[in-house]
Amino acid sequence: MNEAKTKTVYLGMIADIMHPGLTRIISEGAKHGELVVGLFTDRAVASRKRLPFLSYEQRREVVESIKGVSRVVPQDEWSYIPNILKFRPDCLIHGDDWKNGAAAEMRQKVFDTMAEIGGEVIEVPYTHGINSSGLFNEVKALGTTPEVRMKMLRRLIEAKPIVRIMEAHDGLCGLIIENLEVEKGERVEAFDGMWSSSLTDSTSKGKPDIEAVDLTTRLQDLNNILECTTKPIIFDGDTGGKTEHFAFTVRTLERHGVSAVIIEDKTGLKKNSLFGTDAVQTQDSIENFCNKIKTGKEAQITEDFMIIARIESLIAGKSVLDALQRADAYVEAGADGIMIHSKDKSGDDIREFCLAFREKHRKVPLVVVPTTYNHIYEEQLAGWGVNVVIYANHMLRAAYPAMKAAATSILENERSLEANPLCMPIKEILELIPGTK
């Protein structure tokens, strides 16, 4: 007589931070048959929340070593349905903590789909006393390493339709970007990383944006951000300076754990690009700039650090064709990505460039800074082939009018009472910075 077929049990999990609740549900699932763990990929997790600390490969290695796990398969979507239909398990096991809230709708879809294929859903009691968010905050409080931080930008570009970067010019900005989240249904929206802007670094010191603040001084401010955050950082390298000096800049940034440097193909005294043709904008020759890119790539130690070439053709009043020709040359020289910049408010020239660039370069990361064409949604940018959007100066621009309004109120009223609504309560300030209380 043939033995009864062993049942297949499906368990979906992220497994970024393993805790007793997860090992218990694995043990319970193994009791019902051959346990298949659908391990959420980076792409699946990033569609709803923060990128996991560990890569998919690292998490898979951990899960495969746990007693009771028969095999691990990738779950490439937040929804369980595609894998249910693909693997057609006899049972699906899940904690009972998805009965309410945003997950309730997914729960019902899982029950319906399992019923369609003749399977069942097993719900196990949620393990109380273990809070994944609390564990995450504890791990984040430990900080990160330069190597882990540097790798994260490439992982984000691979995992997300578009990576969202916000300008930070001090540690307080960094803390806001690190911790701010907005819930939108099942999704949690957050910034993916930080932009160390030469404009805001200079302006916050009361200096013009003409590369007047040297690298050593900028690194002091950057260290303040690095010390209190874990998210990846893209560094605004202006023109990159002299080619010979750029090699040392790359080594220094890489050693600090910065993920990428963006350098622009201009020469001479730097003038901010948003002046456009109102200021003299002199582009470097393609040959010289390609040599600078090659020098930087030869200097870097790891494969994770990125050198991104910023093209100023549209700023200098040249054509999209000129920008595309430069992009081709810079990619050939070894650039890990291309940033295209424009001060045109319509965004039409950016769209034209992106669509043409993406036809030829399918995988090369594309970066934009929509300061002037800010009516364009991120979803539209992603549709053009954009990988990274940088909000390049908004933290400083928002801080200045707020500070000016508070100071004006005090002058007008000759006391600070009326300024209270414009200011955070002092108690919140004291609780904002870890270790103050």
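The values are calculated or read from the model by the stated rules, or taken from the named source; none is laboratory data. In this text, all values refer to a predicted model and were calculated from it rather than measured experimentally. Here the Cβ positions follow ideal geometry from the backbone for every residue, glycine too, while neighbour counts run over all protein chains shown. SASA here: full protein model, heavy atoms, side chains in, ligands and nucleic acids out. Shrake-Rupley method; radii C 1.70, N 1.55, O 1.52, S 1.80 Å.
May I ask you to list the residues in segment 333-368 that are open to solvent by less than 10 Å² (accessible area, probe 1.4 Å) and of a type in the set (Val, Ile, Thr)?
Ile338, Ile340, Ile350, Val367, Val368
Just one of (1) within 18 Å of Ile308 (Cα to Cα); (2) in contact (Cβ under 8 Å) with a residue 12 or more places away in the chain trips up Arg187, so point out which.
Every listed condition holds for Arg187 apart from (1).
If you take the residues of segment 175-210 that are of a type in the set (S, T, N, Q) and not in a loop (DSSP other than H, G, I, E, B), which of them is nearest to Thr144 (Cα to Cα)?
Asn179
Please indicate, with yes or no, whether at least one residue in segment 320-332 is modelled with pLDDT under 95 and either open to solvent by less than 10 Å² (accessible area, probe 1.4 Å) or not β-branched (Val, Ile, Thr) (or both).
So far as segment 320-332 goes, no, none of its residues is modelled with pLDDT under 95 and either open to solvent by less than 10 Å² (accessible area, probe 1.4 Å) or not β-branched (Val, Ile, Thr) (or both).
Given the criterion crowded, with 22+ Cβ neighbours inside 10 Å and assigned to a loop (DSSP other than H, G, I, E, B), identify the matching residue among Val213, Val258, Val250.
None of the other options fit; the residue is Val258.
Would you check if there is a residue in segment 226-238 being β-branched (Val, Ile, Thr) and at pLDDT below 90?
Checked segment 226-238: no residue is β-branched (Val, Ile, Thr) and at pLDDT below 90.
Keeping to segment 7-31, report how many residues are of a type in the set (Asp, Glu) and over 26 Å from the mean Cα position of the chain (by Cα).
Residues flagged as of a type in the set (Asp, Glu) and over 26 Å from the mean Cα position of the chain (by Cα) within segment 7-31 amount to 1.
Residues checked against (1) touching a residue at least 12 places away in the same chain (Cβ under 8 Å); (2) among the hydrophobic types (A, V, I, L, M, F, W, C); (3) open to solvent by 60 Å² or more (accessible area, probe 1.4 Å):
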{"residue": "Leu11", "(1), (2), (3)": "yes, yes, no"}
{"residue": "Glu34", "(1), (2), (3)": "yes, no, yes"}
{"residue": "Arg43", "(1), (2), (3)": "yes, no, yes"}
{"residue": "Lys49", "(1), (2), (3)": "yes, no, yes"}
{"residue": "Phe53", "(1), (2), (3)": "yes, yes, no"}
{"residue": "Glu57", "(1), (2), (3)": "no, no, yes"}
{"residue": "Asp90", "(1), (2), (3)": "yes, no, no"}
{"residue": "Asp96", "(1), (2), (3)": "yes, no, no"}
{"residue": "Ala104", "(1), (2), (3)": "no, yes, no"}
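Are any residues in segment 282-293 over 14 Å from Ile262 (Cα atoms) and not small (Gly, Ala, Ser), and if so, which ones?
Within segment 282-293, Thr282, Gln283, Asp284, Ile286, Glu287, Asn288, Asn291 meet the criteria.
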